[in-house]
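Structure first, then comments.
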Amino acid sequence: MIRNRIKLEPIRPKINILESLFIMRKLFIFIWLLIPLGATAYHFGPGQQNLKFDQATQHIDLAEKHLTNKEFAEAVVEFDEAISSLPNEDVSTITKLRIEKAKAQMQCSQLPEAYKNLESMLSEINADTNPKLIAEIKSTLANAQYYITWLMRLEGHSREIWEPVIESSRQNYYAASEFVKGEGNQKLNNELLQNLEASIKLARMDLDELQGLPLPNQ
């Protein structure tokens, strides 16, 4: 029985206590050196990304509070901070924030800046852009074009200057309307159709009639 048990035992190399301690010490040092490397990798990898998203969320929350309080200029600043906090790869979220920023700009005497930003977004559209985002960009740009046309007409610009702008507004309202109709959002579709009719009316309105009207609420 003893002989059989001895035969079944695996053959082990003979290592003395000092050698064992030396190996354990080297292993401990190796693991200890890996800890800061792992922490650094987390800091510059997922950890840094999580920090950026947390910062963006805080700025978005502040922007929404400013919007609630009708503090539109302050909301624009917070939207800018949120956008700069996000990685460039997060195109969809950044685009949504840029749209909301443009809406806030139109409420705080930054209509030209909003108009320019929205035109830039429209030029950046590609095959990968979410169709819902495209529709929102177009409807928001159409609003900006409508207000711009109103102001240009009051300032006495010629039809050759303002007519292409209001025509583009009409087309953008129509495109956004067609999309939301396909989505089954009848309420929003009705609003866009009303805006479409308003853009047509603005193009046909006499200047004397226009001058007698209050400025539209942006």
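The values are calculated or read from the model by the stated rules, or taken from the named source; none is laboratory data. Just so you know, these numbers come straight off a predicted model, no measurement behind them. In this analysis, Cβ positions are derived from the backbone assuming ideal geometry, glycine residues included, and neighbour counts consider all displayed protein chains.
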For residues that are among the polar types (S, T, N, Q) and either in a loop (DSSP other than H, G, I, E, B) or in contact (Cβ under 8 Å) with a residue 12 or more places away in the chain (or both), scanning just region 118-149, find the one that is farthest from V180 (Cα to Cα). T149
Going by what's in this entry, would M152 be described as over 17 Å from the mean Cα position of the chain (by Cα) and part of a helix (DSSP H, G or I)? yes
By residue number, the members of region 78-100 that are in a helix (DSSP H, G or I) and under 11 Å from I60 (Cβ atoms) are E78, F79, E81, A82, I83, S85, T93, K96, L97, E100
Taking the conditions exactly as written (closer than 16 Å to P112 by Cα, at pLDDT below 95 and out of contact with any Asp or Glu (no Cβ under 7 Å at 6 or more places or on another chain)), does Q145 satisfy them or not? no
I'd like to check something: does region 94-117 contain any residue that is without any contact (Cβ under 8 Å) to a residue 12 or more places away in the chain and within 10 Å of the chain's Cα centre (by Cα)? yes
Which is among the aliphatic types (A, V, I, L, M), under 17 Å from I137 (Cα atoms), in the same structural domain as K138 (by TED's automatic domain parsing) and touching a residue at least 12 places away in the same chain (Cβ under 8 Å), of L188, L196, L202? L196
